[in-house]
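Below is one structure, written out as structure tokens; comments come after it.
Computed from the coordinates by the stated procedures, all read-outs in this text should not be read as laboratory data. Here the structure is a predicted model, which is why all the values come from computation and not from measurement. Positions of Cβ are backbone-derived with ideal geometry, glycine not excepted, and every protein chain shown enters the neighbour counts.
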Ligand code: BTN
């Protein structure tokens, strides 16, 4: 393991425990793992359920990069997680094809198998990242608004501590390849190689509403590009993305007919 692990039976949230540690001046790089979270947090103010046998973990990570490149961590962590799942599958002689959905969800057959919540801060003049991973190893929550799955549902059965060794190795490798932002173009290209093809149906819900179109790649800084029906390419830095069949469904659950 590249970083030490502290393990808890129960926490409110591993990201919140990392925040408390940072507030107390504990700035050593550490994995913080919990078997259960009472208030697990997802992106966009959602909650994240604790289901038995799943991995719930956050990496508290001081970095030497300039603050201006901290947002790269979103794609970096997604790519590392995607590669960790692919490597586990290959080692078990299975052929799961995980894919990245912007910015960092990992999907299998268009159903979400893992999510990441990145929270960064500057302490003194040091950048500190909290990268929280929720991986559906054994079970997936039933959600009204999105398809979900688990690795076990695809025949890949792993204990959290075993999957963590893959995640630790792939995250360390990807962060090192990033080189504090200098080699982000290579990360961006690998991310694209592990995502959906260009022109795949995509939709994004933003505070300004929902935009539907087709995937047009990422800009050089990792922001999402969507080609809308009038051919215009729009750029997004935030939002909740749906792909494929889910992209053709409107935010209130109706399927678009036009
Ligand atoms: C998402 O919405 O997709 C992000 C989910 C992130 C969940 C993980 S579980 C471990 C860590 N602690 C939290 O409270 N959230 C993250």
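Residues that are surrounded by 17 or more Cβ atoms within 10 Å (Cβ to Cβ), at least 3 per element: which strands (runs of 3 or more DSSP E) completely within the stretch 144-258 meet that?
By residue number, 201-206, 209-218, 224-227, 240-243.
Every residue in the stretch 1-40 that is touching a residue at least 60 places away in the same chain (Cβ under 8 Å) and within 9 Å of the ligand (Cβ to nearest atom), please.
Of everything in the stretch 1-40, those that are touching a residue at least 60 places away in the same chain (Cβ under 8 Å) and within 9 Å of the ligand (Cβ to nearest atom) turn out to be 13, 14, 15, 18, 33, 40.
Just need a number here: residues in the stretch 178-205 that are more than 18 Å from the chain's Cα centre (by Cα) and closer than 17 Å to residue 248 by Cα.
Qualifying residue count for the region: 5.
Tally up the residues in the stretch 92-115 that are touching a residue at least 40 places away in the same chain (Cβ under 8 Å), farther than 13 Å from residue 195 by Cα and either within 11 Å of the ligand (Cβ to nearest atom) or part of a helix (DSSP H, G or I) (or both), please.
1
Restricting attention to the stretch 116-137, and to residues there that are under 25 Å from residue 68 (Cβ atoms) and buried (at least 22 other Cβ atoms within 10 Å of the Cβ), which single residue is farthest from the chain's Cα centre (by Cα)?
Filtering first and then ranking leaves 129.
Which one of the conditions (1) surrounded by 19 or more Cβ atoms within 10 Å (Cβ to Cβ); (2) assigned to a strand (DSSP E or B) does residue 140 fail to meet, given that it meets all the rest?
(2)
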